[in-house]
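Q: Okay, handing you the structure first.
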Amino acid sequence: MLSLHLAVSAAMLGLGLSLTAQNGPAPTPPPLHLVEYGADLGLRDELIRTGTFYGDLGTQGVAALSPQLADSLAARGVHAEPIPALRAGEVLVQSARDAHGRGAVFGRLLFARRAYFLLAAMPDLVPEHLRGCAFHGGLQVVPLDAPYAAAAGRCVTFALPESVDPRIAALVAQVQRARLLPHVQALSAIYTRRATRAENAQAIAYVSNALATIPGLTFRTETFSSSYGPNLIAEIPGTDLANEIVMVGAHIDSLAGSSSTRAPGADDNASGSATVLELARILAGQPFRRTLRFGWWNAEEFGLIGSIAYANAAAARGDRIVAYVNTDMNAYRAAGDALDLDFITNDSTPSLIQALTAASQTYVPTLPIVSGTLSGGTSDHRSFFRAGFPAAFPFEDLDHYSPYIHTTNDTVGVSANDFQLSELISQSVLAGIATLAEPASLPPRFTLDVASGPTVGGTAVVATGTDLDTVTDVAVGGRSVTFTQPTAGSVAFATPTSPIAGPVDVVLTNPQGTGRQPFTFVLTAPPDLRAPATLGLGEGGSLGLGGVPGDTGIVLLSPNLGATNLVVVQLGIGGGVPAAIFSLAVGPLSPSGGTVEFPLTIPNEPALLGVSFHLQGVDVDPALTALVPTGVRTLTIQ
C-alpha cells in the first residue's frame with residue numbers, strides 16, 4: 001500500500017506548470033478548493049464530470065472551481081474552502097492522522113482536518129525511512145497535472161446476481177488458504193521486492209513461472225521505466241463480449257526503510273499478489289463472455305507509477321476496461337478484531353462497489369462487508385479511477401490494518417497472520433469479477449448420481465454439473481425421456497420403462513452442444529426367472545417370472561442347452577441353436593408388478609432321466625416393441 005509519492009514529475013509540481021501554448025502562456029487555471037462532499041459520492045462524480053476534480057481525500061475533494069461553479073455549489077449548501085496557492089516546487093500532500101490526532105507534518109500546514117493534514121511540501125523534505133511509521137504514516141501527493149477523466153462511455157450496467165450460479169460457486173470453492181499461503185511465503189522470502197532493486201526480478205519470475213503452467217492464459221511483461229521493474233499482465237480472452245475487459249490487479253513491489261533494508265512485504269502486498277495469481281489459475285478453467293485481465297504492478301510504493309503508466313496507456317489505446325478491482329493487503333487481522341471486508345470509497349465507483357458487494361453476499365455470505373475512506377495513502381485503484389475507468393478497492397480492516405507494513409516485520413505470522421481472512425476476501429473478489437465477466441455457456445458437463453440401473457427402466461437419475469440450466473433434451477440409449485430441473489445445475493429424469501440392456505450413453509443437449517456420460521443397465525430381480533435346479537420324473541415345480549408391471553412374461557423350456565431362435569410375437573429371441581420346444585408358457589404380469597408363477601410337471605418318461613433342459617424367461621412390453629431376457633436357468637431331470 002502506498003504511503004507517499006516521492007517520484008513526482010515536473011507536471012505534478014503545480015497546476016499549469018507543465019502547460020504551454022503555441023501563442024502565448026497557458027490561461028491561468030481556476031483556484032483550488034477543498035470541497036466537502038461528505039457521503040455524497042454523486043456530488044464527487046459530478047465534479048469529476050465537469051473536469052475540475054484533482055484529488056479524492058475521502059469525504060473531501062480537491063477541485064479547481066471557477067467563481068461561477070463555487071457560487072453554484074454554495075447555493076446548494078456545499079462548503080468549499082480555497083486552498084492557499086502553492087509555491088514554486090511544492091506539491092500538495094495529504095497526511096493521515098491516527099486515532100490520537102498525530103500525523104506527519106512536513107512543509108507548510110494548509111488545513112488540519114479531523115482525519116488528516118493537508119500540506120504544501122517539497123518532495124525531498126520527507127525522509128524515506130519515515131514512510132510507514134507506527135500508524136502507517138499514510139501520505140499521498142495529490143497530482144495536479146491533469147484532472148480526473150470522466151468514466152462516461154466506459155461504464156457498464158451489471159446485472160446483480162439473483163441466485164447462485166453453480167459455475168461461479170464451483171470456482172469460488174476452489175479458493176483455499178492452503179494455496180494462497182505458499183505464494184505469500186515464497187514472495188516474502190525474497191530479500192526485497194523493491195522496484196529499484198535487482199531482486200524485484202525474482203518476484204516477476206516467480207509469478208511468470210506460475211502463469212506459464214496455466215492453460216488458456218497468455219501473459220507478458222511491460223516495461224514502463226528503466227528505473228523500475230516491469231508490470232506483469234495476464235489475460236483470458238472473452239467470447240462474445242471480448243472487447244469489454246474486467247480487470248483485477250495488485251502491486252508486487254515491497255518497501256521498508258532504505259534501499260538496502262530487507263522488505264518482506266508479506267501483507268503489503270504478497271497477499272494481494274497471491275490472490276491475483278490464484279484467481280488467474282482458477283478462472284482460466286471457465287470461459288467468460290468478457291475478457292479477464294490480471295495485473296501485477298511495480299513501483300506502487302514510489303507513487304503508483306506502474307499502474308499509472310498502464311492505466312493511462314490503456315485509456316489512450318481506447319481499452320474498454322469496464323471494471324478494475326484492486327487487491328492490496330488482505331491477510332492481517334488484529335487480535336479481537338471483527339472479520340470483515342472493507343471497501344474503500346476514495347477513488348472508487350459506487351455502482352461497482354454495489355455489484356461486488358451483491359456478488360460477495362451471494363457467494364461468500366459469511367463475510368460481512370463495510371465501507372469507509374482512507375484519510376491518507378492510497379493504492380493502484382486510484383490510477384484507473386483517475387483515468388476514467390470504474391474502480392474498486394476491497395481491503396482488510398480499514399481502521400485496524402497491519403501496523404507492520406513498510407517494515408522488516410511485514411512477515412508471515414506477524415503481519416500476514418490471518419489466511420482465513422485472506423481466503424474469504426479472495427473468494428469475494430473472485431465472485432465479483434466472475435459475476436461481472438459473466439460465465440459463457442458451454443455444452444453440458446455433468447456427472448450422474450448413479451452409474452447403473454435395471455434393464456426394465458424407471459431408475460431415478462440426477463445429473464449435476466455446469467451449463468445444465470439451458471438443457472433442451474435428455475436421451476438415454478438414444479431414447480428421449482422427460483426431465484425436470486429441481487435445482488440450479490441439476491437435471492432429474494427416469495430411465496426408459498422399455499427394457500434396454502448393457503452400457504449406453506446418457507446425452508444432455510443444450511444450445512451449445514451435447515455432453516454425455518455412460519450408464520449401464522443390469523439384470524436385477526425383478527425381473528428374474530426362478531426355477532429349481534433339479535426335478536424327478538413325474539414331479540411338479542413352479543417357475544417364477546418377475547417383470548415390469550403390465551408387461552407379459554414368457555417362459556421357454558427346451559431340451560437344447562443355450563439360446564434359441566424361437567420367434568415369439570414376431571420378435572427374435574437369442575441367436576443360438578434352433579429350438580425344440582418342450583414347453584411354452586405365457587402369462588400377463590399384473591399392473592402392480594410381482595411375479596407370474598408357471599406350473600411345470602415333468603412327464604414320467606424314463607427317457608428323460610439325466611436330460612438337462614434350457615429354461616429362458618422373457619419380458620415383453622404391452623406394445624410388443626421390446627423384449628429382454630430376464631434370466632437363464634438349467635433344469636436337470638434325475
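Q: Rolling a 1.4 Å sphere over the protein heavy atoms, what is the accessible area per residue of the stretch 358-473, to the nearest Å²?
A: Averaged over the residues of the stretch 358-473, the accessible area is 30 Å².
Q: For the stretch 311-355, what is the accessible area per residue in Å², given a 1.4 Å probe and the full set of protein chains?
A: Dividing the accessible area of the stretch 311-355 by its residue count gives 29 Å².
Q: Given a cut-off of 18 Å, what percent of all Cα-Cα pairs of the stretch 294-341 lie beyond it?
A: 47 percent
Q: Using amide H atoms built 1.01 Å from N in the peptide plane, name the residues 5+ places from residue 55, or on other chains, whose amide H lies under 5 Å from its own.
A: Answer set, sorted by chain and number: 62.
Q: Amide H of residue 391: which non-local residues (sequence gap of 5 or more, or other chain) have their own amide H closer than 5 Å, using H built in the peptide plane?
A: 324, 349
Q: Please list, ordered by chain and number, the residues whose modelled amide H lies under 5 Å from the amide H of residue 37; skip anything fewer than 5 residues away on the same chain.
A: Amide H to amide H, under 5 Å and 5 or more residues apart or across chains, residue 37 pairs with 60, 61.
Q: Something else: Please work out whether the stretch 53-116 counts as rounded, prolate or oblate from its C-alpha gyration tensor, where a ≥ b ≥ c are the square roots of the eigenvalues and a/c under 1.5 means rounded, while otherwise a/b larger than b/c means prolate and anything else oblate?
A: Here the stretch 53-116 falls in the oblate category.
Q: Pop out the ³J(HN,Hα) list for the stretch 44-56 in order, Karplus 6.51 cos²θ - 1.76 cosθ + 1.60 with θ = phi - 60°, rounded to Hz; leave Gly and Pro as x.
A: 4, 5, 5, 5, 4, 5, 7, x, 10, 9, 10, x, 9
Q: How big, in percent, is the set of alpha carbon pairs in the stretch 409-456 lying more than 12 Å apart?
A: On the way: 880 of 1128 pairs.
Summing the P(r) tail past 12 Å for the stretch 409-456 gives 78 percent.
Q: Semi-axes of the equivalent ellipsoid of the stretch 312-371: what are they in whole Å, largest first, if each equals the square root of 5 times a C-alpha gyration tensor eigenvalue?
A: For the stretch 312-371, the semi-axes come out at 27, 15, 10 Å.
Q: Next question, about the same structure. What is the percent carbon and sulfur in the accessible area of the stretch 170-216, measuring with a 1.4 Å probe over the protein chains and ignoring ligands?
A: On the stretch 170-216, the fraction of accessible area on carbon and sulfur atoms equals 58 percent.
Q: Same structure, new question: Going by average Cβ neighbours within 10 Å, how do the peptides 312-325, 381-394 rank, with the highest at the top?
A: The most tightly packed comes first, giving 381-394, 312-325.
Q: Step through the residues of the stretch 340-356 one at a time and calculate ³J(HN,Hα) from phi using the Karplus curve (6.51 cos²θ - 1.76 cosθ + 1.60, θ = phi - 60°), rounding each to whole Hz and writing x for Gly and Pro.
A: Coupling constants for the stretch 340-356: 7, 10, 10, 8, 7, 8, 4, 6, 10, 9, x, 5, 6, 4, 4, 5, 5 Hz.
Q: What distance in nm lies between label points placed 7 Å from Cα along the C-beta direction at residue 227 and residue 243?
A: 3.8 nm
Q: Let me ask something additional. Report Rg(Cα)/(2.2 N^0.38 Å) for the stretch 304-431, keeping two decimals.
A: 1.07
Q: Taking every Cα atom in the stretch 147-223, find the radius of gyration and the maximum pairwise distance Dmax, and write them in Å.
A: Here Rg and the maximum Cα pair distance are 18.4, 48 Å.
Q: In whole Hz, with x marking every Gly and Pro, tabulate ³J(HN,Hα) for the stretch 89-104 from phi via Karplus 6.51 cos²θ - 1.76 cosθ + 1.60, θ = phi - 60°.
A: Going residue by residue, I get x, 7, 10, 8, 10, 9, 10, 5, 10, 7, 5, 9, x, 7, x, 6 Hz, with x marking Gly and Pro.
Q: Please report, largest first and rounded to whole Å, the three semi-axes of the ellipsoid equivalent to the stretch 375-492, where each semi-axis is the square root of five times an eigenvalue of the C-alpha gyration tensor. Intermediate values should be presented prior to the final figure.
A: Numbers: eigenvalues 493, 77, 18 Å².
Ellipsoid semi-axes (Å, largest first): 50, 20, 9.
Q: Over the stretch 178-242, with the other protein chains present, what is the accessible area per residue in square angstrom, probe 1.4 angstrom?
A: Each residue of the stretch 178-242 exposes 46 Å² on average to a 1.4 Å probe.
Q: Quick check: from the Cα gyration tensor, does the stretch 345-406 come out rounded (a/c under 1.5), prolate or oblate?
A: Values: a/c = 2.31, a/b = 1.09, b/c = 2.12.
Taking the square roots of the gyration eigenvalues as a ≥ b ≥ c, the stretch 345-406 is oblate.
The values are calculated or read from the model by the stated rules, or taken from the named source; none is laboratory data. Just so it is clear, the model here is predicted, and its values are computed rather than measured. Note that each Cβ is placed from the backbone with ideal geometry, even for glycine, and that neighbours are counted across all protein chains shown. Protein only, heavy atoms only, side chains kept; ligands, DNA and RNA dropped before computing areas. Shrake-Rupley method; radii C 1.70, N 1.55, O 1.52, S 1.80 Å.
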